[in-house]
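Student: Below is one structure. I have some questions about it.
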Amino acid sequence: MTRRAILAGTGSALPRTRVSNAELAERVDTSDEWIVERTGIRFRHIAEPDETTATLGADAAKEALQAAGLQPADIGLIIVATATPDNTFPASATKVQALIGAPDCIAFDVAAVCSGFLYAVSVADAMLRTGAARHALVIGSETFSRILDWEDRTTCVLFGDGAGAVVLSAEEVEDDRGILATRLHAEGQYCDMLYVDGGPSTTGTVGHVRMQGREVFRHAVTNLASVLGEVMADVGLSAEQIDWVVPHQANKRIIDATAKKLGLPSERVVLTVDQHANTSAASVPLALDLAVRDGRIKRGDLVVLEAMGGGFTWGAAVLRI
Ligand code: ACO
């Protein structure tokens with residue numbers, strides 16, 4: 001028997017307002033053709049003032065709890081991965097805890113931008129296996145629209161808002177169910193290639209997203225292909241044995257190039273970037289929830305999650321559903 005973190009349920013939440021490329025082109029100097037050709041993005045959801053990282057995260061968490069057949073009181077650990085918290089402090093995880101009505105438990109945020117969900121899953125996996133909690137809520141939730149420079153067409157067309165959540169439960173298993181391996185990386189020397197030009201300790205403002213798009217693209221393909229190779233080697237499996245890849249949804253061209261490098265057919269890659277754009281830490285759990293709910297990802301499947309983002313940070317996880 002081995003103690004592992006098992007995927008017990010998934011959930012997601014999107015803001016009410018959906019904005020098409022054509023609608024965006026009415027206020028930004030861009031076009032549907034340019035955005036689709038360079039990124040694959042067609043729509044993004046944009047949060048209204050009453051929709052925040054914590055409220056979206058809580059809505060996704062409630063869905064995941066329901067799917068897992070658990071109550072808020074069953075949860076011993078809440079981790080929210082976000083780069084856009086409601087407040088500088090307290091952690092959005094404590095706000096989610098209050099919104100879902102979970103009693104005393106461990107709750108904190110993880111900041112690793114687009115790789116945040118992978119970092120959070122890895123931390124939760126370790127804490128569950130070492131007995132810190134029996135059930136964990138791991139949430140990626142973002143309101144990137146609040147930190148976009150809407151005058152900068154090179155960044156503002158790329159992002160959207162949303163949240164995804166999973167319940168991970170510690171179980172003693174005899175088979176290979178659960179999280180089998182995780183790998184995380186960071187290379188801080190590239191921190192000025194994708195960053196926000198503000199913060200409490202520097203400008204005292206929230207700031208806006210700045211990015212050297214071509215450099216990010218180049219590093220993303222190299223790093224993602226390499227970390228996927230690492231996790232698969234960790235579990236002694238090859239790319240052909242993967243049933244589904246759930247990648248970070250930044251850009252269809254990055255996703256296609258990474259899959260090609262690994263020889264993975266596009267039919268086994270879950271794609272939501274066309275509908276959601278890049279929702280940063282929310283993108284992987286949002287895509288995972290969609291593919292679980294529409295029946296593509298099912299019990300017994302071998303699933304690989306991967307993401308890369310500002311820092312640079314990147315990571316991957318392999319799990320048997
Ligand atoms: N609409 C119309 N034209 C635009 C837009 C826009 N929204 N943005 C830029 N352009 C123009 C530029 O001004 C430039 O014009 P010029 O040739 O007259 O100077 C032209 O399009 C080409 O610009 P590039 O920046 O060279 O375009 P590129 O092909 O590199 O595509 C993109 C840009 C889509 C940002 C690409 O570099 C990319 O996807 N990079 C990865 C970035 C990313 O996904 N970041 C997300 C966060 S990181 C992560 O999650 C992995």
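The values are calculated or read from the model by the stated rules, or taken from the named source; none is laboratory data. Keep in mind that this is a model prediction, so the values were computed, not measured. Here the Cβ positions follow ideal geometry from the backbone for every residue, glycine too, while neighbour counts run over all protein chains shown. These accessible areas exclude ligands, DNA and RNA; they are computed on the full protein's heavy atoms, side chains included. Shrake-Rupley method; radii C 1.70, N 1.55, O 1.52, S 1.80 Å.
Student: Is one or more of the residues making up the range 99-111 touching a residue at least 24 places away in the same chain (Cβ under 8 Å), within 16 Å of the ligand (Cβ to nearest atom), surrounded by fewer than 21 Cβ atoms within 10 Å (Cβ to Cβ) and under 26 Å from residue 277 (Cα atoms)?
Tutor: Scanning the range 99-111 turns up at least one residue that is touching a residue at least 24 places away in the same chain (Cβ under 8 Å), within 16 Å of the ligand (Cβ to nearest atom), surrounded by fewer than 21 Cβ atoms within 10 Å (Cβ to Cβ) and under 26 Å from residue 277 (Cα atoms).
Student: Out of all the residues in the range 12-20, is one or more assigned to a strand (DSSP E or B) and within 17 Å of the chain's Cα centre (by Cα)?
Tutor: Going residue by residue through the range 12-20, those that are assigned to a strand (DSSP E or B) are 12-13, 17-20.
Those left that are additionally within 17 Å of the chain's Cα centre (by Cα): 12-13.
Yes, there is a match, as at least one residue in the range 12-20 is assigned to a strand (DSSP E or B) and within 17 Å of the chain's Cα centre (by Cα).
Student: Sticking with this one: Select from the range 178-211 the residues that are assigned to a loop (DSSP other than H, G, I, E, B) and β-branched (Val, Ile, Thr) and list them in ascending order. Quick ask: steps written out before the conclusion?
Tutor: Taking the range 178-211 as the starting set, the residues that turn out to be assigned to a loop (DSSP other than H, G, I, E, B) are 187, 191-193, 197-198, 200-204, 206-208.
Correct list: 202, 203, 206.
Student: Considering only residues of the range 248-270 that are of a type in the set (S, T, N, Q) and out of contact with any Lys or Arg (no Cβ under 9 Å at 6 or more places or on another chain), which is nearest to the ligand (Cβ to nearest atom)?
Tutor: 249
Student: To continue, here is another question. Taking the range 190-223, which residues are among the hydrophobic types (A, V, I, L, M, F, W, C) and in contact with a Leu (Cβ under 9 Å, 6 or more places away or on another chain)? Please lay out each step first, then the result.
Tutor: Applying the first criterion (among the hydrophobic types (A, V, I, L, M, F, W, C)) to the range 190-223 yields 191, 193-194, 196, 206, 209, 211, 216-217, 220-221.
209, 211, 216, listed by residue number.
Student: Could I ask something else about it? Does any residue of the range 217-233 turn out to be part of a strand (DSSP E or B) and in contact with a Phe, Trp or Tyr (Cβ under 9 Å, 6 or more places away or on another chain)? Break it down into steps so the answer makes sense when it comes.
Tutor: Here is the first cut: in the range 217-233, the ones part of a strand (DSSP E or B) are none.
Among the residues of the range 217-233, not one is part of a strand (DSSP E or B) and in contact with a Phe, Trp or Tyr (Cβ under 9 Å, 6 or more places away or on another chain), which makes the answer no.
Student: Does any residue in the range 264-284 that is in a loop (DSSP other than H, G, I, E, B) come within less than 8 Å, Cβ to Cβ, of a residue that is open to solvent by 40 Å² or more (accessible area, probe 1.4 Å) six or more places away or on a different chain, and which pairs are these?
Tutor: Close Cβ pairs (under 8 Å, with a partner that is open to solvent by 40 Å² or more (accessible area, probe 1.4 Å)) amount to 270/290; 270/296; 271/252; 272/290; 277/43.
Student: Which one is surrounded by the most Cβ atoms within 10 Å (Cβ to Cβ), of the residues in the range 164-201 that are among the charged types (D, E, K, R) and within 28 Å of residue 5 (Cβ to Cβ)? Let's see the steps before the verdict.
Tutor: To start, the set of residues in the range 164-201 that are among the charged types (D, E, K, R) comprises 171-172, 174-177, 183, 187, 192, 197.
Now narrow it down to the ones that are within 28 Å of residue 5 (Cβ to Cβ): 171-172, 174-177, 183, 187.
Details: 171: 16, 172: 8, 174: 7, 175: 9, 176: 14, 177: 18, 183: 21, 187: 12.
Filtering first and then ranking leaves 183.
Student: With 231, 221, 245, 209 as the choices, which residue is within 11 Å of the ligand (Cβ to nearest atom), in contact (Cβ under 8 Å) with a residue 60 or more places away in the chain and either open to solvent by less than 30 Å² (accessible area, probe 1.4 Å) or not β-branched (Val, Ile, Thr) (or both)?
Tutor: Details: 231 fails: within 11 Å of the ligand (Cβ to nearest atom); 221 fails: in contact (Cβ under 8 Å) with a residue 60 or more places away in the chain; 245 fails: within 11 Å of the ligand (Cβ to nearest atom).
Checking each option against the conditions leaves just 209.
Student: Still on this structure, I have one more. Limited to the range 280-317, what total is found for residues that are open to solvent by less than 10 Å² (accessible area, probe 1.4 Å), more than 24 Å from residue 44 (Cα to Cα) and more than 16 Å from the ligand (Cβ to nearest atom)?
Tutor: Count: 4.
Student: Name the strands (runs of 3 or more DSSP E) wholly inside the range 36-135 in which the number of residues that are over 21 Å from residue 304 (Cα atoms) and outside the structural domain of residue 250 (by TED's automatic domain parsing) is 3 or more.
Tutor: Working: elements: 43-46, 77-81, 106-110.
Passing ranges, in order: 43-46, 106-110.
Student: Would you say residue 213 is over 19 Å from residue 249 (Cα atoms) and outside the structural domain of residue 6 (by TED's automatic domain parsing)?
Tutor: Details: over 19 Å from residue 249 (Cα atoms): no; outside the structural domain of residue 6 (by TED's automatic domain parsing): yes.
Here the answer is no, as residue 213 does not meet what is asked.
Student: Among residues belonging to the range 33-66 that are open to solvent by 60 Å² or more (accessible area, probe 1.4 Å) and farther than 21 Å from residue 85 by Cα, point out the one that is farthest from the ligand (Cβ to nearest atom).
Tutor: 66
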